[in-house]
Amino acid sequence: MDILSIQAMRKKDASCYKITELFEKATKTKITWKMENCHQQSGTWECGYYVMYAMYDFLMTCREHLMMYNSRPLTRCEIEKFVENILKTFV
(Lines give C-alpha, C1' and ligand atoms only; values in the text may rest on other atoms or scores of the structure.)
Protein backbone atom coordinates (compact mmCIF):
# COMPACT_ATOMS: atom_id res chain seq x y z
CA MET A 1 0.00 0.00 0.00
CA ASP A 2 1.47 3.35 -0.97
CA ILE A 3 1.45 6.57 1.06
CA LEU A 4 -1.32 8.13 -1.06
CA SER A 5 -3.64 5.18 -0.36
CA ILE A 6 -2.94 5.43 3.37
CA GLN A 7 -3.61 9.18 3.37
CA ALA A 8 -6.89 8.66 1.48
CA MET A 9 -8.01 6.04 4.01
CA ARG A 10 -7.35 8.43 6.90
CA LYS A 11 -9.77 10.97 5.40
CA LYS A 12 -12.72 8.58 5.70
CA ASP A 13 -15.64 9.37 7.95
CA ALA A 14 -18.37 7.19 9.44
CA SER A 15 -20.47 7.37 6.26
CA CYS A 16 -17.79 5.31 4.47
CA TYR A 17 -18.69 2.24 6.51
CA LYS A 18 -21.80 0.16 5.86
CA ILE A 19 -21.99 -0.93 9.52
CA THR A 20 -22.89 2.62 10.63
CA GLU A 21 -25.94 2.67 8.38
CA LEU A 22 -26.98 -0.83 9.45
CA PHE A 23 -26.59 -0.01 13.14
CA GLU A 24 -28.67 3.16 12.86
CA LYS A 25 -31.34 1.32 10.91
CA ALA A 26 -31.50 -1.50 13.48
CA THR A 27 -31.70 0.86 16.45
CA LYS A 28 -33.82 3.51 14.70
CA THR A 29 -31.44 6.08 16.15
CA LYS A 30 -29.29 8.71 14.49
CA ILE A 31 -25.85 8.44 16.04
CA THR A 32 -23.00 10.91 16.02
CA TRP A 33 -20.05 8.71 15.13
CA LYS A 34 -16.61 9.72 16.32
CA MET A 35 -13.69 8.50 14.26
CA GLU A 36 -10.71 7.58 16.42
CA ASN A 37 -7.09 7.40 15.46
CA CYS A 38 -5.74 3.90 15.76
CA HIS A 39 -2.94 1.71 14.49
CA GLN A 40 -2.95 1.49 10.70
CA GLN A 41 -1.48 -1.49 8.91
CA SER A 42 1.12 -0.70 6.30
CA GLY A 43 0.72 -3.83 4.20
CA THR A 44 -1.98 -6.33 3.28
CA TRP A 45 -1.14 -9.35 5.44
CA GLU A 46 -1.34 -7.87 8.96
CA CYS A 47 -5.12 -7.36 9.27
CA GLY A 48 -5.84 -10.46 11.40
CA TYR A 49 -3.12 -9.48 13.82
CA TYR A 50 -4.54 -5.98 14.10
CA VAL A 51 -7.98 -7.42 14.93
CA MET A 52 -6.50 -9.76 17.55
CA TYR A 53 -4.44 -6.90 18.99
CA ALA A 54 -7.54 -4.68 19.28
CA MET A 55 -9.58 -7.50 20.87
CA TYR A 56 -6.81 -8.22 23.37
CA ASP A 57 -6.45 -4.53 24.19
CA PHE A 58 -10.23 -4.21 24.70
CA LEU A 59 -10.39 -7.26 26.97
CA MET A 60 -7.41 -6.20 29.05
CA THR A 61 -8.67 -2.63 29.38
CA CYS A 62 -12.29 -3.51 30.20
CA ARG A 63 -11.90 -6.84 31.95
CA GLU A 64 -13.23 -5.68 35.33
CA HIS A 65 -16.54 -4.80 33.65
CA LEU A 66 -16.94 -8.07 31.76
CA MET A 67 -19.56 -10.59 32.77
CA MET A 68 -17.01 -13.33 33.47
CA TYR A 69 -15.93 -11.47 36.62
CA ASN A 70 -19.46 -11.40 38.04
CA SER A 71 -20.87 -14.65 39.38
CA ARG A 72 -24.41 -13.50 40.18
CA PRO A 73 -27.14 -14.98 38.02
CA LEU A 74 -28.75 -12.76 35.41
CA THR A 75 -32.33 -11.76 36.12
CA ARG A 76 -35.07 -12.70 33.71
CA CYS A 77 -35.45 -8.99 32.91
CA GLU A 78 -31.73 -8.70 32.03
CA ILE A 79 -31.95 -11.73 29.75
CA GLU A 80 -35.08 -10.44 28.01
CA LYS A 81 -33.52 -7.00 27.52
CA PHE A 82 -30.39 -8.62 26.05
CA VAL A 83 -32.48 -10.72 23.63
CA GLU A 84 -34.52 -7.66 22.62
CA ASN A 85 -31.35 -5.65 21.91
CA ILE A 86 -29.79 -8.48 19.90
CA LEU A 87 -32.94 -8.90 17.84
CA LYS A 88 -32.97 -5.18 17.04
CA THR A 89 -29.44 -5.50 15.78
CA PHE A 90 -29.91 -8.52 13.54
CA VAL A 91 -33.55 -8.35 12.45
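Across segment 58-75, the number of residues qualifying as at pLDDT 85 or above and within 30 Å of residue 37 (Cα to Cα) comes to 0. Scanning segment 43-60 for residues that are surrounded by 10 or more Cβ atoms within 10 Å (Cβ to Cβ) and in a helix (DSSP H, G or I) yields 47, 49, 50, 51, 52, 53, 54, 55, 56, 57, 58, 59. Say whether the condition of being at pLDDT below 80 and assigned to a loop (DSSP other than H, G, I, E, B) is met by at least one residue in segment 76-88. No, there is no match, as no residue in segment 76-88 is at pLDDT below 80 and assigned to a loop (DSSP other than H, G, I, E, B).
Annotation note: of 66, 59, the sole residue that is touching a Leu at 6+ places or on another chain (Cβ under 8 Å) and under 23 Å from residue 27 (Cβ atoms) is 66.
The values are calculated or read from the model by the stated rules, or taken from the named source; none is laboratory data. Please read all numbers here as calculations on a predicted model, not as lab measurements. Glycine gets a Cβ as well: all are built from the backbone with ideal geometry, and neighbour counts include every protein chain shown.
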